[in-house]
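What follows is calculated from the coordinates using simple rules that are stated; it is not laboratory data. A quick note: this is a predicted structure, and the numbers were derived from the prediction, not measured. All Cβ positions, glycine included, derive from the backbone under ideal geometry; neighbour counts span all protein chains shown.
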């Protein structure tokens with residue numbers, strides 16, 4: 001696996017974030033849920049990496065594992081290594097961890113409606129991070145918070161800073177969340193479905209804002225989404241996840257030009273689009289991937305996608321496919337990748 | 001109804017003398033107003049009345065009249081003076097028990113919600129405390145030390161604490177999973193600040209509501225304790241001991257029981273109305289009128 005990484009085109013500089021063989025499990029009553037199974041990823045400074053997959057594939061759990069936000073009572077990282085700028089995040093003391101969170105790595109969450117404390121004014125919430133990590137006085141932090149609210153394009157930031165969250169719309173609250181994430185100029189922002197709860201026009205504004213901030217501040221972004229459209233718009237590189245592991249990894253261009261994993265192909269075929277239908281005039285139904293995400297309550301033998309895969313062979317059911325890497329850095333975990341390549345674009 | 005409310009919400013805010021959270025809440029306004037009047041009477045009672053302990057044999061069992069508004073008891077003591085001054089003990093006990101149990105309950109409940117090991121131990125202790133009836137505890141304490149208002153407050157507070165701790169703990173456990181708490185942890189906020197800034201302020205409103213109910217039940221318990229003689233000493237008039245001493249003459253002088261009884265009922269009613277009103281306005285899920 002390490003050999004594969006050395007072949008990637010950016011191997012000249014070391015990655016800022018490197019996750020190796022991450023296994024995260026949840027414990028519910030007597031059941032063990034294998035949420036993340038051997039996930040690896042690399043993220044270089046200034047890069048936007050998209051992490052896609054359907055609900056329950058382990059995208060968010062991977063993100064939460066990186067910042068160690070999974071409560072001990074619920075689940076834990078049982079195996080693997082998470083290195084950020086050379087430091088092993090899994091070995092940090094609570095105090096060290098608190099100084100990494102928000103200052104070096106910040107996080108934007110999915111639910112803007114509930115991600116702000118209802119009893120604190122939004123300005124004070126943005127200021128909190130600044131007071132924590134930069135030791136600013138309350139007044140200085142508040143002044144800086146107003147600048148940040150302006151940066152995320154909130155109109156009349158001085159007045160909005162004095163409002164309570166319930167007076168703000170979903171889009172506004174997500175902007176406040178982004179302002180909080182940006183406050184200490186982190187080198188990495190993890191955005192967990194930042195636009196899922198927002199309507200389409202607001203979604204576009206937020207994505208544009210994040211892309212601008214990525215260019216301006218050079219902060220790397222780990223963008224978690226189930227929306228391939230968001231990935232196409234934002235990401236430099238994409239990792240497709242399925243059942244707690246990466247199945248395909250490529251630059252956005254390569255991924256959309258020649259998806260090598262049947263799951264990725266299935267996802268792309270499932271995007272509704274105007275005037276595109278397979279099999280000519282009659283077949284207008286939207287493509288779907290048959291079957292369901294496998295249960296994660298026990299380890300899966302063979303390829304996790306085999307049962308839903310139209311191209312699966314006997315080998316797929318018995319042996320988990322090894323990750324193979326093309327010369328252009330396009331990585332895929334599928335026995336039948338060569339066949340997929342010959343099939344061309346899914347639509 | 002709903003149409004007018006919605007229109008009122010859209011229309012520019014009308015200026016009224018009432019703060020917005022009080023509008024349309026008769027229970028809250030009524031309870032608060034009644035309670036304010038009762039508290040004012042209790043505070044002012046030494047100046048409104050004569051000596052509640054003064055015995056006047058001429059007035060024995062005198063019915064209410066122009067100069068003895070509430071009548072007199074079997075010793076000729078002025079029921080008006082005794083009832084008004086009795087409010088002081090009831091309200092003092094009610095408020096002190098509510099504040100004490102809320103403060104201790106908040107502290108212990110938040111810690112239990114955060115530290116699982118502590119939680120396991122403290123919760124068993126709370127179960128044990130809950131098994132003690134406040135009346136029996138008060139009787140036990142009065143036999144050990146000399147009775148007084150402070151003792152009554154302690155005796156009533158101790159069995160109330162577990163209820164408050166349980167409430168706060170469950171609220172804290174819910175709040176800990178809230179996205180804004182996780183977001184604050186992700187922003188690098190350390191645990192003590194998480195508790196103080198993000199958990200406690202959000203746990204306060206259910207606590208205030210609970211405290212009003214504790215207050216009402218403490219007032220009743222105090223009256224019960226004083227009635228059986230385990231409460232405040234007899235030289236301090238309390239609604240419980242006024243009723244107790246007039247009990248044997250109830251057939252011929254019912255006013256001696258009637259007036260303190262009304263005082264007790266009105267006070268508990270006012271506190272409960274306030275509690276219900278606060279619950280409705282502080283907890284948006286309980287009653288959002290559309």
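Observations, loosely collected:
- Relative contact order (percent, whole number), region B:62-101, Cα cutoff 8 Å, 6+ residue spacing: 22
- When Rg and the Kirkwood radius Rh are both evaluated on Cα atoms of region A:126-259, their ratio Rg/Rh stands at 1.03.
- Degrees separating the helix A:122-134 axis from the principal Cα axis of chain A, which is the longest one: 90
- Extension gain (nm, one decimal) between residue B:37 and residue B:141, 0.36 nm per residue minus Cα-Cα: 34.1 nm
- Helix axis angle, B:200-228 relative to chain B longest principal axis, alpha carbon, degrees: 20
- Per principal axis, descending, Cα span of chain A in whole Å: 66, 50, 46
- Against the main long axis of the alpha-carbon atoms of chain B, helix B:79-114 sits at an angle near 20°.
- Full-stretch length increase - residue A:297, residue A:153 - with 0.36 nm per residue and alpha-carbon distance subtracted: 47.4 nm
- Pairwise label distance in nanometres, residue B:67 with residue A:79, each label 7 Å out on the Cα-Cβ vector: 9.7
- Region A:97-150: C-alpha gyration tensor shape, a/c 1.5 cut-off, then a/b vs b/c: oblate
- Working note: 222 nm ellipticity from helices only, DSSP H runs with n ≥ 4, each -39,500 (n - 2.57), summed and divided by the residues of chain A, gives -9500 deg cm²/dmol to the nearest 500.
- Across region A:9-54, the volume of the C-alpha convex hull divided among the residues equals 99 Å³ per residue.
- Each Cα pair under 8 Å and six or more residues apart adds its sequence gap; the mean of these over the residue count of chain B is a relative contact order of 27 percent.
- Cα-only radius of gyration and Dmax that characterise region A:113-185, units Å: 10.7, 30
- Cα shape, region A:44-84, gyration tensor, a/c 1.5 rule: oblate
- Working from label points 7 Å from Cα in the Cα-to-Cβ sense, the residue A:93 to residue B:58 distance is 8.3 nm.
- Spin-label proximity, residue A:328 to region A:41-59 - amide N less than 19 Å from point 7 Å beyond Cα toward beta carbon: A:48-50
- Pairwise FRET efficiency - residue A:32 versus residue B:252, Cβ, R0 = 51 Å, nearest 0.05: 0.10
- Inverse mean reciprocal Cα-Cα distance (Kirkwood Rh) of the protein assembly as shown, Å: 29.5
- Convex hull (Cα only) mean projected area of region B:133-210, reported in nm² to one decimal: 6.5
- Three semi-axes of the equivalent ellipsoid, region A:143-222, Cα gyration tensor, whole Å, largest first: 19, 16, 10
- Oblate is the label for chain B. Its Cα gyration tensor axes, ordered a ≥ b ≥ c, give a/c of at least 1.5 and b/c at or above a/b.
- Antiparallel content of DSSP bridges confined to the protein assembly as shown, in %, to 5: 60
- Distance between modelled label sites at residue A:54 and residue A:342, nm, 7 Å Cα→Cβ extension: 2.8
- Normalised by the number of residues in region A:113-185, the average gap of Cα pairs under 8 Å and 6 or more apart makes the relative contact order 44 percent.
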